[in-house]
Amino acid sequence: MCGRATVGTLRAMKSRNLESLPDVPPSWPAKDRVAVKDIDDRRERGLRALEEITGGSGQAVVESLYDIAPDLAEWIIDFSYGDVMARPGLDRRTRQLATIAALTSLGNAQPQLKVHIGGALNVGCKPQEIIEVILQMAVFAGFPAAINALNLAREVFRAR
């Protein structure tokens, strides 16, 4: 059921030329609402955001998927980066810190967490900010998830 709803939603989104994705409830003044427009530019937006955030590591992940799941590779570019990560409602630093929190909490996404810790540094996050987000996740995701994330952060920091 959930999969069908998602596919239906994506089809409906693709069929429109303009896409409005409010960051605030519709009852808020129009001047405070933002929209991602011109859905046809989503690939360009996605490629630009992917490069600015992850550098070559994100593109390498996408490229590694083309032989086995080219649709997933394109969804990462178009939806994840073109529609979501490029939205104007949050700055890139905030989005990366939120991503680090989510991936830390999952506890099973170490390769992706490593890419996004690097991405956070690329968009101006300080190592201490990344550490603080991970430490906060110990409360919500548990100590093992936070310890594993800190070990990955150490690897990324040392490589820089």
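Couple of notes before you dig in:
- Qualifying residue in segment 21-30 (condition: more than 26 Å from Ala145 (Cβ to Cβ), assigned to a helix (DSSP H, G or I) and at pLDDT below 95): yes
- Qualifying helices (runs of 4 or more DSSP H) (wholly inside segment 60-160; at least 2 residues being at pLDDT 95 or above and among the polar types (S, T, N, Q)): 92-106, 110-122, 127-141, 143-159
- Test: Lys114 is touching a residue at least 40 places away in the same chain (Cβ under 8 Å) and either surrounded by fewer than 14 Cβ atoms within 10 Å (Cβ to Cβ) or charged (D, E, K, R) (or both): yes
The values are calculated or read from the model by the stated rules, or taken from the named source; none is laboratory data. Predicted model only: the values in this text are computed from it and were never measured. In this analysis, Cβ positions are derived from the backbone assuming ideal geometry, glycine residues included, and neighbour counts consider all displayed protein chains.
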